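The values are calculated or read from the model by the stated rules, or taken from the named source; none is laboratory data. On a predicted model such as this, the values are computed, not experimentally measured, just so you know. Counting neighbours? That spans all protein chains shown, and the Cβs are built from the backbone with ideal geometry, glycine included.
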């Protein structure tokens, strides 16, 4: 029986959780990317589903957006969409984001 192996290293986590969406003023198309232009309309962050382990060892999951990244200490500040709760998570404790599994190798 095949094992469900993680697929991506946690070093690429920022590519999965720091996405934005906006309406491009030049083309009029709805665009998803990482760096929105200054004159973009309807700019907002793309929510994602995350599953991670807390420092106390509890498995948590939820639908959230990324507020801030701390790349030097490998942490992210996230806000849960449903409850509005703000937390800091360690990148190496993240298990899955939108169905993509991560490993800390």
Completion exercise
The condition of being over 14 Å from the mean Cα position of the chain (by Cα) and surrounded by 15 or more Cβ atoms within 10 Å (Cβ to Cβ) holds, among 58, 53, 73, only for 53
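Evaluate the following for residue 52: is it at pLDDT below 90, in contact with a strand residue (DSSP E or B) (Cβ under 9 Å, 6 or more places away or on another chain) and closer than 20 Å to residue 10 by Cβ?
Numbers: at pLDDT below 90: no; in contact with a strand residue (DSSP E or B) (Cβ under 9 Å, 6 or more places away or on another chain): yes; closer than 20 Å to residue 10 by Cβ: yes.
No: the conditions fail for residue 52.
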Exercise for the section: Taking the options 12, 63, name whichever one is under 26 Å from residue 103 (Cβ atoms) and modelled with pLDDT under 90. Expected result: 12
Handout entry: Counted residues, the stretch 22-39 - those being part of a loop (DSSP other than H, G, I, E, B) and within 21 Å of residue 12 (Cα to Cα)
Key = 3
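Within the stretch 76-99, restricting attention to residues that are more than 13 Å from residue 61 (Cα to Cα) and more than 11 Å from the chain's Cα centre (by Cα), which residue is modelled with the lowest pLDDT? If you could, list the steps in order and put the result at the bottom.
Going residue by residue through the stretch 76-99, those that are more than 13 Å from residue 61 (Cα to Cα) are 76-77, 84, 86, 88, 90-92.
With more than 11 Å from the chain's Cα centre (by Cα) added as a condition, the list becomes 84, 86, 88, 90, 92.
Numbers: 84: 94, 86: 96, 88: 95, 90: 91, 92: 87.
Top of the filtered list is 92.
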Fill in the blank from the handout: So, first residue free of Cβ contacts under 8 Å to residues at least 60 places away in the same chain in the stretch 64-77, second residue surrounded by 16 or more Cβ atoms within 10 Å (Cβ to Cβ) and part of a loop (DSSP other than H, G, I, E, B), Cβ within less than 9 Å, six or more apart or across chains; the pairs are 64/47; 65/47; 66/18; 66/19; 69/18
Practice task
Restricting attention to the stretch 15-46, report how many residues are closer than 21 Å to residue 81 by Cα and surrounded by 10 or more Cβ atoms within 10 Å (Cβ to Cβ).
Solution key: 14
